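First the structure, in the form of C-alpha cells, and then the observations on it.
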Amino acid sequence: YRLTEKQFQQKSIILFCSVYDIAFKPDGSQLIIAAGLRVLVYDAADGTIIQPLKGHKDIVYCVAYAKDGKRFASGSADKSIIIWTSKLEGILKYTHNDSIQCVAYNPVTHQLASCSSGDFGLWSPEQKSVNKHKVSSKITCCGWTNDGQYLALGMMNGVVSIRNKNGEEKVKIERPGGSSSPIRSINWNPSKWQWSTREWRDRFCEGDERLIVLWRTCLSSLMTLSAKARSKAKAITVDRDEHNDILAVADWGQKLSFYQLSGKQIGKDRTLTYDPCCVSYFSKGEYIVMGGSDKHASLYTKDGVRLGTIGEQNAWVWTCRVKPDSPFVVLGCQDGTIACYHLIFNTVHGLYKDRYAYRDSMTDVIVQHLITEQKVRIKGRELVKKIAIYRNRLAIQLPEKIHIYELYSDDSSDMHYRIKEKICWKFDCNLLVVCSQHIILCQEKRLQCLSFTSVREKEWVMESLIRYIKVIGGPPGREGLLVGLKNGAILKIFLDNPFPITLLKRSTSVRCLDMSASRNKLAVVDEHNTLLVYDINSEVLLFQEPNANSVAWNTQCEDMLCFSGNGYLNIKASDFPVHQQKMQGFVVGYNGSKIFCLHVYSMSAVDVPQSAPMHQYLEKKVFREAYQIACLGVTDSDWRDLATEALEGLDFDTAKKAFIRIRDLRYLELINSIEERKKRGESDNELFLADVYAYQGKFHEAAKLYKRTGHESRALSMYTDLRMFEYAKEFLGATDPKSSRILMTKQADWAKSSKEPRAAADMYLSAGEHLKAIDIIGEHGWADMLIDIARKLDKAEREPLGKCALYFKKLKHHGYASEIYSKMGDLQALVQLHVETRHWEEAFSLVEKRPQFTDDVFVPYAQWLAENDRFEEAQKAFHRAGRQNEAVKVLEQLTHNAVVENRFNDAGYYYWMLSMQSWWICCSLDEMLKKFEHFQHLAELYHVYRSIQRYTDEPFSSHMPETLFNICRFLLNNLTKDKPRGISKVNTLYALAKQSEKLGAYKLARYSYEKLQELYIPSRLQDPIELGSFKIPRCARSDREVLPLVQFYLDEGIGDEEAVSLIDLEKIGSGHFMSDNSCTALRLDDGLDDAEEDPFTAKMSFEQGGSNFVPVKVSRLVLRSMSRRDVLIKRWPRPLKWEYFRSLLPDVSITMCPTCFKVQHF
C-alpha cells in the first residue's frame, strides 16, 4: 500500500503567459485564474473556459473569492483592485499607490484586504471608502485567521505582521534571515484541531533526547504545582490555549516555519531544497501542498514532514490551490501551465488476530486492540509505505529503511512497543510480511526472506504473479506462508524449506485465502467472487458459495468460517446452510464471536452472536458441537436453549455446563440429583426425562412418563404440589378411594394456604380429617358449624370432641362446651369448665351429686371470693373445702399487705379475723391459742395507731385531745421491744407531747420531747419538735390521770355464771344503762362520793414507784356491791375466759362492740 498520485486531466491547460494566482469559488464550481492582463474564469469540472474578464491595464497578480460566493476581487500591477460579482460583472474599482501584490477576503465579515508594495487597504461592502495603512516593506502575501479577527502580512524584509480588523499591528514576527529571506507565502491552518501534548513535545524537542527528558521533567513538576503556579508554568513552556490559529510561513531562505497567533514559533524551521512560492493546506489542515523553484508540487504533513511529489512540471510552480471539500489540487506554473491532480490515499495496514495496525497522518502508525479498543500511536517523521504485524512483531517500511518493533512483554493485553531492529535498505516491494525472526518481501513473482540483520537467507521465484500472502503460524524461524498466485496455484512455504509445497491448483486467479485452525481445510475466493472450500489432504471440494470477496476461518472453531460480499456477512458452520446478515466492508478476520471488518479506511470488530450456527447443531441433536459454538459468543437466551435441548436429550454434562453459564441453580440442582441417582444405580432414562419435563412445566408429558415407568405417586405429588387438582383427579380416575382421600386432603391444605378457610374445612370433612376441620372452624369462630360437627360425632371420638369443647371454651360458649363434656361423660372437665366460667351454681349442683369434686369446686370458689373482697364467704368456702390453713394464709397475706401499705385500720381488722380463725382451729392446738392472743394484741395496736397516724399525717383530726392523749398512753404502754411493723414510736410520742401540752400535762409533754431526742426524727417533724420543746412552760403540775376502765378478775372458785348472778342488776345508781340491737352503753352520771364507800375502789392498789399494774381480784361480796350498769363483760367463746371491766368515770359514755368486744368512748 502506498500514496499514489494521479493527474486529474491527461492534458493540462497551457496559457501563453505566467499564471500568478488561482482562486476557487467556495462551491468549487468555478476556477478564477490571474494570467497576463486578464482574469480567466474556468469550469472546474471539465476545465473549459467560461469567460475572460477585461478591466486591468497591466499584469494581474492576484485573485480572491469571498466565502459567501457573491463576489471576488482581482489585483493588478496597474495599482487597481476590481470587485467582480458571481455573475462576472465588475461593480467596484479602487486603487493604491503601488502595484497590487495580494488580496484576501475575511472568511466571516467578507472584508477585503488588498496589499501593495507600500501599503494595505481594508474595504467592506458597507463602507464607501477604503482604509489604508502604510507599511515599511513590500507586502508579498497575506491571509486571515479562521475567525476573521486577525490578518497576517508577509513582507519582503522577512517580517510577518499580524494585525487586527482595524489594521492595528498586534504581533510582529521578525525572522532570522531578514531581508535576505523574504516571505513568499503564508497560510493559516483551517482545522479546529488542537495538538496533543505528545505532538507539542515532538515539535518542541525535534527528537533531541535531552530536550525530551527536560520536557517530561517540566510536565511532572507542573502536576505538583498550585493552580496559579501551574498557569504561569504553562505560559512559560507551552500555551496550549493558543490553539487553532497555526500560521505556516514559507520564505525564500528555503525555510518552512510554524507560528502561533501570539508569534511564538512551534518547533524548529524545516529546511527546504528549493525556493517556495506557494503554501496551501489540504484535507482540512491535515496536509500541506507546496510548490516552487524545484518545478514540483510536493505533499507535506501538517508539521512540515515531506511525504512525496504530487506532480512535476516544466517551470516554477507559482501557485497551488485545493478545491473546496474535495481531493483535487490545482497548480499554476510560470510557463502558463495549469494542472489538476486527484490525490488518493490508499489504506496501509496490517492485521494479526485481534491486533490491527494502520497508518495515520501518513507518518504515524496506530496499533489498535480490536477487543479492548486500546490504541497506541507510534510517531514517525517519514512516509509510512508498508505495515506488517505478527504476534509480538511489528514491521514498518519507510522510504529508506524498515523498522522492526516488538512488545515489551508477552502479555496479550500489552500495547507498548519498542524498537528492536532497523534495516537501513531501500526496498521496493508489493507486499511486506513479518515473522518472528524474518521479514518477507514480495516483488511481483519473487519472495525474499531477510533476517532482522539484513541478511537475505532464502528466495523463492514463483511461476506467476503473487496475489495473496499470509502467515499461518509455526515455530519461530520456521513459520509457514500461504501463497496464492494469479494462475490459480496455492502454495505453502516454510521459511526453513527452499521448496514450496503445492496445495491446490485452480484455473482461476486467487483473490483471497485462509486455512482452518487445524490446517485441514482451505478456503479460496477466486476472481469470479466464488468461495470454494477444500479438504487439503484429499483436495476434495467440500462446498462452494457465490458472491464472496473475502473469507476468514474462525480461529477457535474448526468448522466455522465467514465471508463477505454484496453487502452481506455470511456465516457457515459445518455443512449447514449459510446464515446472512447485512454488513458493509471486507471480512479480514474471525476470532470467536468477533468478526473483523475493513470498511473504507476503518477497521471494526463486529460482535456477531453465534446463535444461528448453534441452533443448526441443536436441530441435529449434536450438543457437544453446539456447546463449542456457544462458547464463541451467544446470548443468554441461546445458552438457555442449548441447556434445555441438551437436558431433554439427556446430555447432562453439556446441559450442566450451559446452566452454569446462565447461573440457573434450579436446573443445576435437578442435574446433580439425577447424577446422584445414577451413581446409586438408577438407569431409567424415561424417569429422568419425566423429572426434566416436570421442571420445564410440561406436566402432562411428565405424568405420562411417570405412569409408564410405574411411578404414579410422583405424578400425583406433582399435580397436588402445583394445585392442579382437577388434572390430578383425571389422572387418578375413580379406582383408588385412598388416593382420592389423600388428594382431597392436599386440596384442602392448598385452600387453607390460599386463605379460603371455609372451603378447606368442607374438604377436610369430606376427606375424614375432622381434627383439621375443627381447627379451622374453631380458629375462625364458626360456632354453628362446630356444634353441628360435635353433635354428629360419636361419643367414642373423644379427641375431636375434646377439641370442639376447647374451642367453645375459647369462644365463651359455655352451654355448647357443657353439652359436649356431658356427651363425653367427662365430669372432671365439666367441673373445670363450670369453675373457669364462674358458673358456681351449676358447679355446686354437680358437687351435691358428686361429692368427690368438693375440693375442685370450693377451693377455686374461695379464691374467687377472696379476690373479690368477700373474705367471710371465702373463709366459709375454705372451711367447707377443709382448707383451714389456706384460709389463714390468705388472711396473713392480706394483713401483711395492709401493714406495708399503711392501711392500719384494715390491718387491725385482718388481725382480728386472724385471731378468730385461730380460735376456730385452736381446739387441739395450743400454738393457735398463743396466736389468738398475739393477733388480738396486734389488732388493738393497729386499730388505735390509725388515729395517731391520721393526727400526724392529716391536717384535721376528729378525736378530742383527751381521747388522743389516752390512745397515746395506751399505745406506749403496750409497745414492747419488738415493735410491730409500721407503727412509729416517733409519731406516738409526738402526738402524746402535743396532747399533753394542750391538756396542761407539761411534765409529760417535756418527758415525751426528751424521749424523742433519743430517736431518729424525720425531717418533716424536726422543726415542730424543736419548737414544741422550747414552748413548754416550767411548772409542777402533776401528770397523773385516772383510767376510765379497770379490769378485774374473779377469785378462785367463782364461775362466770355465778359472777353474773351476784352482780346486782337491779341496784339503782346514779348512772343509767342504754341498750339497742347492736351495742350496750353504760352512762355514769356521777361517781361515788368516797372511795372507801365502794368495796371495789378499796381493792384497787398501785405499787409505788413501779410501772406494773397489780390486777384487782374481787370476791362475792364485792360482786354483790357492783351495779350491772358499771360492769362491761367480754363474753369470749369457750375455751377462752371471760373478761370483766369496771368503769370509774361516770361522765364518760363507754360503748363495747358485741362482736369484736372493742371498747370506745364518746
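The values are calculated or read from the model by the stated rules, or taken from the named source; none is laboratory data. The model shown is predicted, which means the values in this text are computed figures rather than measured ones. Using ideal geometry, Cβ is built from the backbone for each residue, glycine included, and neighbour counts are taken over all protein chains shown. Keep in mind that these areas ignore ligands, DNA and RNA; they rest on the heavy atoms of the full protein, side chains included. Shrake-Rupley method; radii C 1.70, N 1.55, O 1.52, S 1.80 Å.
Taking the solvent-accessible surface of protein heavy atoms with a 1.4 Å probe, what is the per residue accessible area of segment 244-358 in Å²? Can you show the working numbers first?
Numbers: 3610 Å² over 115 residues.
Computed with neighbouring chains in place, this is 31 Å² per residue.
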Q) To the nearest 10 Å², what's residue 296's accessible area with a 1.4 Å probe? A) 40 Å²
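Among 492/582; 803/849; 25/284; 1031/1158; 302/375; 678/698, which pairs are too far apart, with a Cα-Cα distance over 25 Å? Display every interim value, and only then the final one.
Working: 492/582 33 Å; 803/849 27 Å; 25/284 17 Å; 1031/1158 37 Å; 302/375 22 Å; 678/698 23 Å.
Long pairs (Cα-Cα over 25 Å): 492/582; 803/849; 1031/1158.
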Q | Column: log10 I(q)/I(0), Debye, Cα scatterers of segment 271-420, q = 0.09, 0.10 Å⁻¹ | A | -0.37, -0.44
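Restricting everything to alpha-carbon atoms, can you work out Rg to Rh for segment 332-445 with a Kirkwood hydrodynamic radius? All intermediate terms of the calculation are to be shown ahead of the outcome.
On the way: Rg = 16.6 Å, Rh = 15.3 Å.
Over the Cα atoms of segment 332-445, Rg/Rh equals 1.08.
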Q.
Let me test this: with uniform point scatterers at the alpha carbons of segment 775-840, what is the Debye-based log₁₀ I(q)/I(0) at q = 0.16, 0.17, 0.22 1/Å?
A. -0.45, -0.50, -0.84
**Q.** Of all accessible heavy-atom area on segment 81-133, the percent that carbon and sulfur account for (1.4 Å)
**A.** 47 percent
Q: List, in order, the whole-Hz ³J(HN,Hα) value for each residue of segment 27-38 obtained from phi through the Karplus relation with A = 6.51, B = -1.76, C = 1.60 and θ = phi - 60°; use x for Gly and Pro.
A: 8, x, 7, 10, 10, 9, 10, 9, 9, x, 8, 10
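Quick one: Cα convex hull volume of segment 930-976, Å³ per residue?
Values: hull volume 3.4 nm³, N = 47.
Each residue corresponds to 72 Å³ of Cα convex hull volume.
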Q. If one computes the Cα centroid of segment 964-1014 and of segment 123-175, what distance in Å separates the two points?
A. 128 Å
Q | Bins of 10 Å from zero: percent of alpha-carbon pairs in segment 424-468 | A | 29, 57, 14
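If packing is taken as the average number of other Cβ atoms within 10 Å across a peptide's residues, how do 778-789, 800-811 rank, most packed first? Working shown, then result.
Details: 778-789: 16.4, 800-811: 19.9.
Descending packing order for the listed peptides: 800-811, 778-789.
Any chance you could list the semi-axes, whole Å, largest first, of the equivalent ellipsoid that the Cα gyration tensor gives for segment 530-625, using √(5λ)? Spell out each step's value before the answer.
Working: eigenvalues 93, 56, 29 Å².
So the equivalent ellipsoid measures 22, 17, 12 Å along its semi-axes.
If you take every residue apart from residue 153 with its C-beta less than 14 Å away from the C-beta of residue 153, what net charge results, scoring Lys and Arg +1 and Asp and Glu -1?
On the way: positive: 132, 134, 138, 163, 165, 170, 172, 175, 184; negative: 119, 168, 169, 174, 251.
Cβ neighbours under 14 Å give a net charge of +4.
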Q. Across 5 Å bins from 0, what is the distribution of all Cα-Cα pair distances for segment 28-169, in whole percents?
A. 2, 11, 21, 23, 21, 13, 7, 2, 0
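If you take every residue apart from residue 494 with its C-beta less than 15 Å away from the C-beta of residue 494, what net charge results, scoring Lys and Arg +1 and Asp and Glu -1? List each step's numbers first, then the result.
Numbers: positive: 458, 470, 478, 492, 519; negative: 457, 459, 479, 496.
Charge balance in the 15 Å sphere: +1.
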Q: On the full set of protein chains, 1.4 Å probe, figure out the accessible area of residue 864 and give it in Å² to the nearest 10.
A: 60 Å²
Q: Summarise the accessible area of segment 495-592 (1.4 Å probe, protein heavy atoms) by the percent that is carbon and sulfur.
A: 46 percent
**Q.** Coil-residue trypsin sites (Lys or Arg not before Pro) of segment 607-669, DSSP, other Cβ within 10 Å capped at 11
**A.** 620, 663
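Which of the peptides 889-901, 493-505 is most tightly packed, and how do the rest follow, going by the mean number of other Cβ atoms within 10 Å of each residue?
On the way: 889-901: 16.8, 493-505: 15.0.
Averaged packing, sorted descending, gives the order 889-901, 493-505.
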Q | For segment 624-714: span of alpha carbons on each principal axis (Å, largest first) | A | 43, 27, 22
Q | Table column - 3J(HN,Hα) (Hz), segment 603-620, Karplus curve with 6.51, -1.76, 1.60, x for Gly and Pro | A | 10, 9, 9, 9, 8, 10, x, 8, 5, 4, x, 4, 5, 5, 5, 5, 4, 8
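Any idea of the accessible area per residue across segment 634-690, 1.4 Å probe, to the nearest Å²? Write out the running numbers ahead of the final one.
Numbers: 3000 Å² over 57 residues.
With the other protein chains kept in place, segment 634-690 gives 53 Å² per residue.
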